[in-house]
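The values are calculated or read from the model by the stated rules, or taken from the named source; none is laboratory data. Worth saying up front: this structure is predicted, and the values here are computed from it rather than measured. All Cβ positions, glycine included, derive from the backbone under ideal geometry; neighbour counts span all protein chains shown. Side chains included, ligands, DNA and RNA excluded: accessible areas come from the protein's heavy atoms. Shrake-Rupley method; radii C 1.70, N 1.55, O 1.52, S 1.80 Å.
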Amino acid sequence: MTTNNNGDSTSPAPGQRSKKKKRFSRRTLGYAGVGVLTAAVVSRCTGLIKTPEELEEERQKKQEAEEREQQAKKDRALAALEPDQEFVGVIDKSYLYKDVPLTYTAYESRGEFVPATEEHPAQNVPYPVPQPEMYEYSLQGFLTFMGYFCAALNYFYYTGDTEPLSKVVEPEAVLPEIMLRLYREKRGWIISKDDVCKAWIYFPESDSDHISMLERNGRHIMSCLLGVSEESYRGYFYIPSIGEKLSLYKYRSPLGRESSYDDGEWMEAEHLNGRWTLLKKDEDWTPMYPADGSHTGES
């Protein structure tokens, strides 16, 4: 709005109004657009703006890091239950890369052993007796523990009795479900010319005279190859009421689980709360305590 010589207000001409309102030219707006684009490119390069794929990758990495820390926390709690002393176990170098069979000898005789036939189950099966050395934190202690575990497995297969096995582990955690059920239902018994389970120790090469031991976040874990003999493949569970024979070949892994080994599977154990304890084959290597075992120290 302007004033004339007489002091009266007048409106500008239409052409003049449009020229004053047009404050930004197309070129100026073009420069502004380039500036916004440049800022977006800089933000993209500096990580201020992320694609959905990058955000998902970051989320996964964060989750994996949290899981590793949680696993390490569990491991440290279990490591605190291990003995303070050093594990000592000298081995014969001639055993390297060889399977050394274990033979458990501490049995209580129940009379003359009579093998099972289709007329009767096994009779007077020798009862495995735990030995004090199987609780020691040493190579001999570990071997004795695994030998007893194997003997207790065989006692179950011959008799259906889980009592010896329950001294070192919950039977349900290691036995094939179908075998447990058939014995508990008193459907029959196992007939085999040889022990169903046998244990071997495999000694990998080591830089010293000490048996190698797997370590993880402070935990010290031993391994043993638990297998079956070729003769036991011919064994079977006999159900006399219907004459059915369930082949034990299906359970060539003594624990009735899938195994990548034709002759058995690896078992791990850790010395916790003053005794050797079998471990599950999960990511955490969770202890499989016996029913009366101590569970302290876990988070």
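Carbon and sulfur: what percent of the stretch 51-180's accessible surface (1.4 Å probe)?
Carbon and sulfur together cover 50 percent of it.
Sequence-distant or interchain residues sharing an amide H contact under 5 Å with H271, placed H: which?
Those lying under 5 Å, H to H, from H271 are T277.
Using θ = phi - 60° and the Karplus relation 6.51 cos²θ - 1.76 cosθ + 1.60, list the HN-Hα couplings for the stretch 121-127 in order, rounded to whole Hz, with x at every Gly or Pro.
x, 4, 10, 6, 5, x, 9
Within 10 Å of each candidate Cβ there may be at most 10 other Cβ atoms; applying that plus a DSSP loop requirement, which trypsin sites (Lys or Arg not before Pro) in the stretch 98-189 survive?
When the trypsin sites (Lys or Arg not before Pro) of the stretch 98-189 are filtered for loop state and at most 10 Cβ neighbours within 10 Å, K186 remain.
Holding the Cα-Cα limit at 31 Å, pick out from K62/K167; K50/K280; K61/K280; K74/K186; K61/K167; K74/K167 the pairs that are longer than that.
Values: K62/K167 42 Å; K50/K280 41 Å; K61/K280 26 Å; K74/K186 41 Å; K61/K167 42 Å; K74/K167 25 Å.
Violating the 31 Å limit, Cα to Cα: K62/K167; K50/K280; K74/K186; K61/K167.
If I stretch the segment between E66 and E177 completely, what's the gain in nm (0.36 nm per residue apart, minus their alpha carbon distance), one decimal? Please list the in-between numbers first.
Numbers: separation 111, 0.36 × 111 = 39.96 nm, distance 3.50 nm.
Full extension from E66 to E177 adds 36.5 nm.
Return the whole-Å distance between the Cα centroid of the stretch 233-248 and the Cα centroid of the stretch 264-282.
About 31 Å separates the Cα centre of the stretch 233-248 from the one of the stretch 264-282.
Using the Karplus curve 6.51 cos²θ - 1.76 cosθ + 1.60 with θ = phi - 60°, work out ³J(HN,Hα) for each residue of the stretch 60-68 in order, rounded to whole Hz, and write x for Gly and Pro.
Those phi angles translate into 5, 4, 5, 5, 5, 5, 5, 5, 5 Hz.
Using amide H atoms built 1.01 Å from N in the peptide plane, name the residues 5+ places from T286, or on other chains, whose amide H lies under 5 Å from its own.
Here K280 satisfy the definition.
Could you give me the ³J(HN,Hα) list for the stretch 160-176, computed from phi with Karplus coefficients 6.51, -1.76, 1.60 and θ = phi - 60°, whole Hz, x at Gly and Pro?
x, 8, 9, 4, x, 5, 5, 6, 10, 6, 5, x, 4, 7, 10, 9, x
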